[in-house]
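Taken together, the values in this text are just the output of simple stated rules run on the coordinates, not laboratory data. Since the structure is predicted, the reported quantities are computational estimates derived from the model, not experimental observations. Don't worry about glycine lacking a Cβ; one is built from the backbone with ideal geometry, like all the others, and counts go over all protein chains shown.
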Amino acid sequence: SSLAVTQAATVAPEAAPTVIPSPTELPTGTPTCTPTPTATPTPEPVEMMHLYSPDGKTDVCIYADEAGSWYYSVMDGEQDIIDKSRIGMVLQEGNLFQGLQLVDGSITNREIKESYELFTGYNTVMENHCNETTFVLAKEDGSFCFEVQVHNDGVAYRYTDVTVGDTETITVLD
């Protein structure tokens, strides 16, 4: 069976990146992320998304190259926090890091604003406030959902719904 995957609109290197809308108005001078040059040349990004923290200071930049490899980087103001890092994984059952396409219509964005209670400690009521985006990357023999949250004081991501062929279990090698 083949996956229903379409190539998303590309962004030319000289064009402005696609910005994932934040649920809150971003302050003037909000940082923008540009993929950091590396020692080995890499193809120009053909897809680019940004997700900002609620205060607009932290920027997660997500982008793809022409080979279908996806990356993320994180900036806090003008400072690089996480350099170009690959999205995907090497599995015993195959590779899910190259030749990936964004599944059309799979991007979702939301603001999370919730509080929860701790059983012990000085402050027992904690606040969780962040912006989250999720999207599906796929190729002919597999796919996964990538979820990223940007908080005012950190970034978190995870892979969900990983599939490779018809296997029910997968082994992550890298």
- prompt: Once both labels are modelled 7 Å past Cα along the beta-carbon direction, what's the ASP161-ASP104 spacing in nm?
  reply: 1.7
field: Charged-residue dipole, Cβ positions (Lys, Arg, Asp, Glu), segment 53-174 about Cα centre, Debye nearest 20
entry: 60
task: Can you grab the distance from the C-alpha centre of segment 138-159 to the C-alpha centre of segment 53-77, Å, no decimals?
output: 11
task: Output ³J(HN,Hα) for segment 168-174: one whole-Hz value per residue in order, computed from phi by the Karplus curve 6.51 cos²θ - 1.76 cosθ + 1.60 with θ = phi - 60°, and x for Gly and Pro.
output: 8, 10, 10, 10, 7, 9, 7
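Sum up the charges of everything whose Cβ sits under 12 Å from the Cβ of ARG86, counting Lys and Arg as +1 and Asp and Glu as -1, but leave ARG86 out.
Computed value for this residue: -2.
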query: Taking the simple approach of a point 7 Å from Cα along Cα-to-Cβ for both GLU168 and HIS129, what is their distance in nm?
result: 4.6
- request: Quick one: what are the phi-derived ³J(HN,Hα) couplings along segment 83-88, Karplus 6.51/-1.76/1.60 with θ = phi - 60°, whole Hz, x for glycine and proline?
  value: 6, 3, 10, 6, 9, x
message: Please list, by residue number, every one of the GluC sites (Glu not before Pro) in segment 104-174 that is coil in DSSP and has at most 12 other beta-carbon atoms within 10 Å.
response: GLU140, GLU168
- request: Please work out how much length the chain gains when fully extended from SER85 to ILE112, using 0.36 nm per residue of separation minus the C-alpha to C-alpha distance, in nm with one decimal.
  value: 7.2 nm
